[in-house]
Amino acid sequence: MSFVLFATVFACCCFLHLSLIVGLNSGTKFTKEPPDTVYAGLGSDAEFQWNSRLAIHKTGLVFEQIIWGETDNNDRIRNKYVTIPASGLWYINPELDDSIKNRVSWTGNISRKGCNLVFILRNVTTSDEITYGCTAIVYGDDILNGPKRLVASLSPTITNPSNATVDVEDGDNVTLQCDAIGDPMPNVLWMKDGDILQDSNTTTALYIPNIELKDAGRYVCTATNEAGSASRNVQVRVVRDRPRINKNGSSNSLVISWIDHVTILKCAVDANPPAKFTWFKDGQPILIGVNSTRNESTLTLTPKTAGDFGLYWCNATNNKGTMRYLITVKQLRK
């Protein structure tokens, strides 16, 4: 046989062999793989899940084995952890360090059509933060998937939270605290009655300006990262202890009167404990004509001169604070 003929036959045989391999392996593919970064809390278990579809030749299953382990710079497995042959009689690399060997396992199944595998690394430590991969060997050919980097994360811890119960005054500006630490940095979510109030990875405190009675209730702070979550509840009670004007029981801010007309000015408040009242005109306290009961006071006056008209006010005071209500008495000229 001439050299040219030999070379032609050899090339043809190689092409046919390669075509056979490609034909067999073209049906093998990973249909599910772990994310590029796998997070696991320190001390918890890391799971790497691969699902694959296996090529089947008419002569039988051409799948040989699947290997899971540490990858090298070329994304190939350099340190085998677990090997699963087609028989299913899996084994752990006997040369592995005991600190790893005692922590690896897998679960799942292998069939003629494919395999669903979860490789498990228990009790994760920072030394496990390397890259991992999976290799399916089909008809002598390696089908690779990886690298998948493991990050040993720290589940969130809420530090310096607000008290479990917070009492605030109606109208106050309120800040609820929910500082959180973790690795990666947790995201902090505030909710009330199932509604999201704030969702941020930079702001942990919830600010409520000019709080109202309707804002009372249970607030839930949840800090979350890839390693887990932590929650705290804060019960906010909005009270009206500091004196606040009760407009329904008080005079209008403008009262019309005239000379010798008996005029009653009313000042009613909501307060706990009850408020004490003081009436003023032109900055001077008024002692005559004042009648005060629980959370209500009246000033009875009969204007005699133009100087009796003008600005009056009442101060309502308890140990929580003071409220001032202004009433202008305007003269009606006949």
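The values are calculated or read from the model by the stated rules, or taken from the named source; none is laboratory data. This one's a predicted model, so the numbers in the text were calculated from it and none came from an experiment. Cβ coordinates were reconstructed from backbone atoms using ideal geometry, including for glycine residues, and neighbour counts include every protein chain displayed.
In the set (1) at pLDDT below 95; (2) small (Gly, Ala, Ser); (3) closer than 24 Å to Asn248 by Cα, Gly310 fails one condition alone, (1).
Could you run through region 252-269 and say how many residues are within 49 Å of the chain's Cα centre (by Cα) and in a loop (DSSP other than H, G, I, E, B)? Final tally of qualifying residues: 2.
Look at region 131-186 and say how many of its residues are aromatic (Phe, Trp, Tyr) and closer than 30 Å to Ala271 by Cβ.
Matching residues across region 131-186 total 0.
Within region 318-331, the set of residues being modelled with pLDDT of 95 or more, crowded, with 18+ Cβ neighbours inside 10 Å and either within 46 Å of the chain's Cα centre (by Cα) or over 30 Å from Glu169 (Cα atoms) (or both) comprises Tyr325, Val329. I'd like to know if region 44-51 contains one or more residues that are part of a strand (DSSP E or B), closer than 26 Å to Met185 by Cβ, modelled with pLDDT under 90 and within 31 Å of the chain's Cα centre (by Cα). No. Touching a Phe, Trp or Tyr at 6+ places or on another chain (Cβ under 6 Å), of a type in the set (Val, Ile, Thr) and at pLDDT 95 or above, is that true of Ile259? Here the answer is no, as Ile259 does not meet what is asked. Among the residues here, Pro94 does not qualify as within 14 Å of Asn145 (Cα to Cα), in a loop (DSSP other than H, G, I, E, B) and modelled with pLDDT of 90 or more. For Thr298, indicate whether it is assigned to a strand (DSSP E or B), of a type in the set (Val, Ile, Thr) and within 30 Å of Ser44 (Cα to Cα). Taking the combined requirement at face value, the residue does not satisfy it. Filtering region 270-280 to residues that are buried (at least 20 other Cβ atoms within 10 Å of the Cβ) and part of a strand (DSSP E or B) leaves Phe277, Trp279.
For Ser87, the requirement of being of a type in the set (Ser, Thr, Tyr), modelled with pLDDT of 80 or more and under 15 Å from Asp128 (Cβ atoms) is not met. Selection of region 97-115 for residues being in a strand (DSSP E or B) and either surrounded by fewer than 16 Cβ atoms within 10 Å (Cβ to Cβ) or modelled with pLDDT of 90 or more (or both) yields Val104, Ser105, Trp106, Thr107, Gly108, Asn109. Assess whether Ser257 counts as being hydroxyl-bearing (Ser, Thr, Tyr) and touching a residue at least 40 places away in the same chain (Cβ under 8 Å). For Ser257, the condition - hydroxyl-bearing (Ser, Thr, Tyr) and touching a residue at least 40 places away in the same chain (Cβ under 8 Å) - is met.
Which residue is farthest from the chain's Cα centre (by Cα), if the candidates are limited to region 211-251 and must be closer than 19 Å to Thr165 by Cα and among the polar types (S, T, N, Q)? The selected residue is Gln235.
Scanning region 116-134 for residues that are in a strand (DSSP E or B) and buried (at least 20 other Cβ atoms within 10 Å of the Cβ) yields Leu117, Phe119, Leu121, Tyr132, Gly133, Cys134.
Filter region 60-96 down to residues that are of a type outside the set (Val, Ile, Thr) and within 37 Å of the chain's Cα centre (by Cα) and give me whichever is surrounded by the most Cβ atoms within 10 Å (Cβ to Cβ).
If we take residues in region 60-96 being of a type outside the set (Val, Ile, Thr) and within 37 Å of the chain's Cα centre (by Cα), then Trp68 is surrounded by the most Cβ atoms within 10 Å (Cβ to Cβ).
In region 142-163, is there at least one residue being small (Gly, Ala, Ser) and not in a strand (DSSP E or B)? The answer is yes; a qualifying residue exists.
Residues in region 65-91 that are of a type in the set (S, T, N, Q), assigned to a strand (DSSP E or B) and without any contact (Cβ under 8 Å) to a residue 40 or more places away in the chain: Asn79, Thr83.
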